[in-house]
Amino acid sequence: MKAITYTEFGGPEVLRLVDVGEPHAGPGQVRLKVVAAAVNPLDYKIRNGWRPQMTPPFPVIPGFEAAGVVDEVGEGTTGVAVGDEE
């Protein structure tokens, strides 16, 4: 899978397209086959170093908003099934 990531704070120049491993749903999680995603102002503010305590550990894959179809359900996950649209 390819993803845009960054490993340091900065402007758009710190973004890199990299190959990352295929994610899998862990306990209580789902994996979503994304059909649409968005980057909002919070994403670029965090990338620029605003509120570093809000930044997940590097490398970061930006983005909090997505829509798609559930294609994997982790152990113990309830209320959602493969094929559900989220």
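The values are calculated or read from the model by the stated rules, or taken from the named source; none is laboratory data. In this text, all values refer to a predicted model and were calculated from it rather than measured experimentally. Cβ: placed from backbone, ideal geometry, glycine included. Neighbour counts: every protein chain shown.
Among the residues of the range 29-63, how many are of a type outside the set (Gly, Ala, Ser) and assigned to a strand (DSSP E or B)? Total satisfying the criteria: 7. Looking for something closer than 20 Å to Gly83 by Cα, within 13 Å of the chain's Cα centre (by Cα) and surrounded by fewer than 11 Cβ atoms within 10 Å (Cβ to Cβ) - is there at least one such residue anywhere in the range 2-14? Within the range 2-14, not a single residue is closer than 20 Å to Gly83 by Cα, within 13 Å of the chain's Cα centre (by Cα) and surrounded by fewer than 11 Cβ atoms within 10 Å (Cβ to Cβ). Cβ separations smaller than 8 Å between residues 6+ apart or across chains give the following pairs from the range 41-64 residues that are among the aliphatic types (A, V, I, L, M) to residues that are assigned to a loop (DSSP other than H, G, I, E, B): Leu42/Phe64; Ile46/Thr55; Ile46/Pro62; Val60/Thr7; Ile61/Val20. Among the residues of the range 59-82, the ones that are touching an Asp or Glu at 6+ places or on another chain (Cβ under 8 Å) and either of a type in the set (Gly, Ala, Ser) or modelled with pLDDT under 95 (or both) come to 5 in all. Filtered by the rule that a residue be more than 23 Å from Gly74 (Cβ to Cβ) and surrounded by 12 or more Cβ atoms within 10 Å (Cβ to Cβ), the range 17-53 gives Val18, Val39, Leu42, Asp43, Tyr44, Lys45, Ile46, Arg47, Asn48, Trp50. In this structure, is Pro59 of a type outside the set (S, T, N, Q) and surrounded by 13 or more Cβ atoms within 10 Å (Cβ to Cβ)? Judged against the criteria, Pro59 is a match.
The listed residues are Gly28, Gly83, and the only one of them that is touching a strand residue (DSSP E or B) at 6+ places or on another chain (Cβ under 7 Å) and at positive phi turns out to be Gly83.
Looking across the range 66-85, the residues that are surrounded by 12 or more Cβ atoms within 10 Å (Cβ to Cβ) and either among the acidic types (Asp, Glu) or assigned to a strand (DSSP E or B) (or both) come down to Ala66, Ala67, Gly68, Val69, Val70, Asp71, Glu72, Val73, Asp84. Within the range 31-56, the set of residues being under 14 Å from the mean Cα position of the chain (by Cα) and among the small types (Gly, Ala, Ser) comprises Ala36, Ala37, Ala38.
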